[in-house]
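This report refers to the structure that appears directly beneath it.
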Amino acid sequence: MRNQSMSTQEFNNRFEEAIQIVDGPHPERAVQLLEDLLSLASEQCAADDQIVIQLRMYLGRALWRSDIHARAVTILEAALEDAIRTLGWENRDTFSCAGNLCRALGGAGRIEDALRLATSTYEKRVAVFGELDNGTLNSLGHLASLHCDAGYLNKAISLVSSQYEKRKEAFGEHDSRTRSSKYNLTVVRARRDNNEQDLLDLLVEYTNEFGSEHPNTIDIWWHIAAMFERNGDLKEALATWRETELKFTHAFGEVALPTLKAVRRRLRAQQALGDDQVAEHLAIVNHTISRISGQ
């Protein structure tokens, strides 16, 4: 990739930088960087060129991870169409476009559309790469996550259990990917069974092994707080949201989207408990989240 103002090496370096940012706590910071790279690439390449498809895929990913789901859907739908036509379903970039589109559709509230595409994508991955391929098993996890988001918890548990067993076979019981499946299985089962103890046991395990500031450890606090909320125990929920907020702040900073979402949940719990004075603060937090997301 060449441009009068940017060498191929510089372009590739910025692309790698953007990829690293996309899956971090500030995915919104990757959006402008990817848009700039996409503009440069589009000056010399067609929309269906592979590098342009990759840039659009990562841009769509950055957008849905920044809660800008509708725009992500538009970009990823077009990228997937071009990928299918020019690269075919044998190419991993095509599957990456499809997987990210599933997440964007789910975030946009189009759960049934997301489930149909996720199911089709998983079946195609199995046919092309086999059941034990890493990407295939990632797609199985995406499918499970969508079922969980839709409230189909028994189906989600079945899918995560299958992923866990297949990852043990493919990578071994102690591989980080296998442990991730075990973690997710525990979380979804605890949600279905309303089992606080399983989450507390998982919290102890991850705190001891990875520390209290590890993202997975902090996420367990989130799940515990959400369980208290679902059970109507708002005082316990509020206390746990405060702890979750504090840990997100230490790990990611005050203005990271994960932190702000925890603040929002904490404020909503306070409001539900009758604290009307938080309404203005809640409005500010919602505005800040929208501003960071570019909405």
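The values are calculated or read from the model by the stated rules, or taken from the named source; none is laboratory data. Just so we're clear, the structure is a prediction, and the values are computed from it rather than from any experiment. Cβ placement follows ideal geometry from the backbone for every residue including glycine, while neighbour counts extend to all protein chains displayed. Only protein heavy atoms, including side chains, enter the accessible area calculation; ligands, DNA and RNA are left aside. Shrake-Rupley method; radii C 1.70, N 1.55, O 1.52, S 1.80 Å.
The set of residues in region 147-202 being over 26 Å from GLU112 (Cα atoms), open to solvent by 30 Å² or more (accessible area, probe 1.4 Å) and not charged (D, E, K, R) consists of ALA170, PHE171, HIS174, SER176, ASN195, GLN197, LEU200.
Is it true that some residue in region 8-26 is of a type in the set (S, T, N, Q), part of a loop (DSSP other than H, G, I, E, B) and either on the phi < 0 side of the Ramachandran plot or open to solvent by less than 60 Å² (accessible area, probe 1.4 Å) (or both)? Within region 8-26, not a single residue is of a type in the set (S, T, N, Q), part of a loop (DSSP other than H, G, I, E, B) and either on the phi < 0 side of the Ramachandran plot or open to solvent by less than 60 Å² (accessible area, probe 1.4 Å) (or both). The residue list TYR183, TYR152 contains one member that is aromatic (Phe, Trp, Tyr), closer than 25 Å to GLY24 by Cβ, modelled with pLDDT of 95 or more and touching a Leu at 6+ places or on another chain (Cβ under 9 Å), which is TYR183.
Checking GLY172, GLY141, GLY211 one by one, the residue that is on the phi > 0 side of the Ramachandran plot, modelled with pLDDT of 95 or more and in contact with a Ser or Thr (Cβ under 8 Å, 6 or more places away or on another chain) is GLY172 and no other. Within region 137-162, the residues that satisfy the criterion of being part of a helix (DSSP H, G or I), over 22 Å from LEU203 (Cβ atoms), free of Cβ contacts under 8 Å to residues at least 40 places away in the same chain and not aliphatic (A, V, I, L, M) are ASN138, HIS147, ASN154, LYS155, SER158, SER162.
Test of understanding: among GLU243, GLU165, GLU173, which residue is in a helix (DSSP H, G or I), of a type outside the set (S, T, N, Q) and free of Cβ contacts under 8 Å to residues at least 12 places away in the same chain? Going through GLU243, GLU165, GLU173 in turn, just one is in a helix (DSSP H, G or I), of a type outside the set (S, T, N, Q) and free of Cβ contacts under 8 Å to residues at least 12 places away in the same chain: GLU165.
Based on what the data block shows, is ARG65 modelled with pLDDT of 95 or more and not β-branched (Val, Ile, Thr)? It would help to see each step written out before you state the result.
Values: modelled with pLDDT of 95 or more: no; not β-branched (Val, Ile, Thr): yes.
Spelling it out, it is not the case that ARG65 is modelled with pLDDT of 95 or more and not β-branched (Val, Ile, Thr).
Look at (1) among the hydrophobic types (A, V, I, L, M, F, W, C); (2) open to solvent by 10 Å² or more (accessible area, probe 1.4 Å); (3) in contact with a His (Cβ under 6 Å, 6 or more places away or on another chain) and you find that LEU117 fails only one, number (3). Scanning region 213-225 finds no residues that are among the aliphatic types (A, V, I, L, M), in a helix (DSSP H, G or I), touching a residue at least 24 places away in the same chain (Cβ under 8 Å) and open to solvent by 30 Å² or more (accessible area, probe 1.4 Å).
Kindly provide the set of residues from region 246-272 that are open to solvent by 20 Å² or more (accessible area, probe 1.4 Å), hydrophobic (A, V, I, L, M, F, W, C) and not in a helix (DSSP H, G or I), ordered by number. Across region 246-272, the qualifying residue is only VAL255.
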